[in-house]
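Enquirer: So that we are looking at the same thing, I have put the structure below in structure tokens.
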Amino acid sequence: MGSAGVPVVVGLDNGGTSNNATVLTLDGQFLVDGLVEIPSEVQAGPEAAIEALARALDGVLAHTGVPREVVRAVGLDTPGPASATGVISSRGSTNFSQPAWRGFDVRGALERRLGLPVTYHNDGNAAALYAHHVHFGAEAMARSSVSAIVGTGLGGGVVEAGRVVAGAAGMAGELGHVHLPLDGLLAAEQPVPTCACGFAGDAESIASLTAIERNLLPYWLTRYPGHPLATEPPARAAKLVRGYGERGDALARAIFTQQAMALGRLFTIAANFTDPHAYFVGGGVVEAAPEFRDWFLATVREHTVLREEQAAVATFALVPDRDMAGARGAAIAALEALRSGPAPQPLVA
Ligand SMILES: [Zn+2]
């Protein structure tokens with residue numbers, strides 16, 4: 001492949017069912033076009049999962065013909081909640097349900113297993129970093145962005161000067177749990193949506209698949225009583241809403257209008273908080289029919305209130321390559337950690 005001997009970093013995206021891996025040369029070229037996936041064995045507990053990650057690394061190196069000796073670092077991302085240093089939440093999480101995962105240092109364990117430096121981000125932050133670097137290219141380290149990624153929950157990240165803002169406890173960029181103003185967003189009789197985190201009226205309580213099942217669809221079905229989705233089980237019905245939206249169905253468009261308004265209001269908060277150069281929207285909508293996808297992004301834009309000066313410099317775009325964004329963002333993070341070297345020392349000891 002002509003790549004043997006060129007130093008690289010490897011990106012490993014750990015998911016509930018599979019690991020996805022990529023290879024990035026130190027001069028910024030991805031050596032994998034599509035997906036290199038293997039089972040993640042997360043349900044079998046941490047030990048099996050660490051071995052599965054090591055196999056994912058070996059597998060992607062074999063696939064690209066890159067010898068292990070030229071791997072300088074590894075970037076890892078997993079679903080949250082986890083700390084900024086890759087310790088899975090002590091309360092456990094949806095993906096890491098086995099008790100041994102609670103408080104498990106997945107980054108440190110992988111670093112010991114591989115004998116290579118490992119950087120860590122949650123999957124939303126990794127995808128946000130990828131969107132940022134693809135969009136801005138050579139100017140990435142001089143630009144800022146906010147990404148909102150609509151999935152089961154609402155993930156994403158805040159990128160400043162090309163780097164993910166992690167926060168003191170690793171909880172920056174938890175955009176899903178930012179409270180939104182609801183005036184004019186909800187219909188007159190519509191109950192205030194609730195989130196699994198305990199908040200009512202936060203971004204995830206509207207802009208997520210869970211929100212469709214739990215909050216939006218139950219309400220909108222009362223407004224469209226004869227709708228075919230009324231006869232489906234709720235979890236399945238929620239997943240079917242996007243297809244109806246693509247076909248122009250009124251109930252589905254009402255639901256996605258509320259989601260787009262919620263993202264616009266979230267971005268309005270971002271505009272007054274970090275004033276980013278770019279606002280990215282990711283998730284299933286990226287794969288939707290072009291007319292629907294473009295309508296959704298335009299509706300988000302329409303509901304984002306920017307000052308004239310901000311509107312002149314800000315862009316709105318989709319997070320590209322949904323399936324590869326995590327692994328590629330993790331690889332970019334590992335590369336940036338190599339480039340920036342050790343953290344600067346304080347002036348006063
Ligand atoms: Zn929440």
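Enquirer: Would you mind giving the three semi-axes, in whole Å and largest first, of the ellipsoid equivalent to region 1-138 according to its Cα gyration tensor? Let's see the in-between values first.
Expert: On the way: eigenvalues 126, 55, 32 Å².
Equivalent ellipsoid semi-axes, largest first: 25, 17, 13 Å.
Enquirer: In whole percent, how big is the carbon plus sulfur part of the accessible area of the chain, probe 1.4 Å, protein atoms only?
Expert: Ligands and nucleic acids excluded, carbon and sulfur reach 56 percent.
Enquirer: Packing-wise, with mean Cβ within 10 Å as the measure, how do 193-203, 18-28 rank, highest first? Kindly include the intermediate steps, with their values, before the conclusion.
Expert: Values: 193-203: 18.2, 18-28: 21.0.
The most tightly packed comes first, giving 18-28, 193-203.
Enquirer: Could you tell me the extents of region 78-140's C-alpha atoms along the three principal axes, largest first, rounded to whole Å?
Expert: That works out to 43, 28, 14 Å along the principal axes.
Enquirer: Something else about it: Rounded to the nearest whole Å², what accessible area per residue is found for region 114-273 with the 1.4 Å probe? Working shown, then result.
Expert: Values: 6660 Å² over 160 residues.
So region 114-273 comes to 42 Å² accessible per residue, rounded to a whole number.
Enquirer: I would also like to ask the following. Out of residues 5 or more away from residue 201 or on other chains, whose amide H comes under 5 Å of its own, with H placed 1.01 Å from N in the peptide plane?
Expert: 194, 195
Enquirer: Of 305, 173, 52, which is farthest on the positive side of the dipole of the chain, counting Cα position, with +1 on Lys and Arg Cβ, -1 on Asp and Glu Cβ, and the Cα centre as origin?
Expert: Among 305, 173, 52, the one farthest towards the positive end of the dipole of the chain is 52.
Enquirer: Just want to confirm a number: the relative contact order over region 217-343, from Cα pairs under 8 angstrom separated by 6+ residues, in percent. Intermediate values should be presented prior to the final figure.
Expert: Details: 102 pairs, mean separation 30.9, N = 127.
In percent, rounded to a whole number, it is 24.
Enquirer: When the Cα atoms of region 278-338 are enclosed in a convex hull and the volume is divided per residue, what value in Å³ results? Kindly include the intermediate steps, with their values, before the conclusion.
Expert: On the way: hull volume 5.9 nm³, N = 61.
Output value, Cα hull per residue: 97 Å³.
Enquirer: Only helical DSSP H runs with n ≥ 4 go in: add -39500 (n - 2.57) per run for the chain, normalise by residue count and round the 222 nm mean residue ellipticity to 500 deg cm²/dmol. Can you show the working numbers first?
Expert: Numbers: 9 runs with 121 residues, N = 349.
Only helices count here, giving -11000 deg cm²/dmol.
Enquirer: So, one more: Over 20 Å, how big is the tail of the calculated P(r) for region 87-203, in percent of all Cα pairs? Write out the running numbers ahead of the final one.
Expert: Numbers: 3830 of 6786 pairs.
Looking at region 87-203, the distances longer than 20 Å represent 56 percent of pairs.
Enquirer: Same structure again: Just the number, please: Stokes-Einstein D of region 199-316 in µm²/s, Kirkwood Rh from C-alpha pairs, 25 °C, 0.890 mPa s. The partial results should precede the final answer.
Expert: On the way: Rh = 15.0 Å.
It comes out at roughly 164 µm²/s.
Enquirer: Under 5 Å between amide hydrogens, which residues at least 5 positions from residue 149 or on another chain qualify, with H placed 1.01 Å from N in the peptide plane?
Expert: Excluding prolines and chain starts, which carry no amide H, the hits are 155, 156, 282.
Enquirer: Near the amide H of residue 120, under 5 Å away, which other amide H atoms are found, from residues 5 or more places off or on another chain, if H is placed in the peptide plane?
Expert: Answer set, sorted by chain and number: 76.
Enquirer: What number, in nm² with one decimal, is the all-direction average of the projected area of the convex hull of the alpha-carbon atoms of the chain? Walk me through the intermediate numbers first.
Expert: Working: hull surface 78.0 nm².
Convex hull of Cα atoms, orientation-averaged projection: 19.5 nm².
Enquirer: Restricting to bridges with both residues inside the chain, how much of the DSSP beta-bridge set is antiparallel, in percent to the nearest 5?
Expert: Numbers: 24 of 45 bridges.
Just about 55 percent of them are antiparallel.
Enquirer: Averaging sequence separations of C-alpha pairs under 8 Å and six or more residues apart, then dividing by the length of region 97-165, give the relative contact order as a whole percent.
Expert: Values: 77 pairs, mean separation 18.7, N = 69.
So the answer I get is 27 percent.
The values are calculated or read from the model by the stated rules, or taken from the named source; none is laboratory data. Not measured: the values here are computed from a predicted model. Don't worry about glycine lacking a Cβ; one is built from the backbone with ideal geometry, like all the others, and counts go over all protein chains shown. Calculation scope for accessible area: heavy atoms of the full protein, side chains included, ligands and nucleic acids excluded. Shrake-Rupley method; radii C 1.70, N 1.55, O 1.52, S 1.80 Å.
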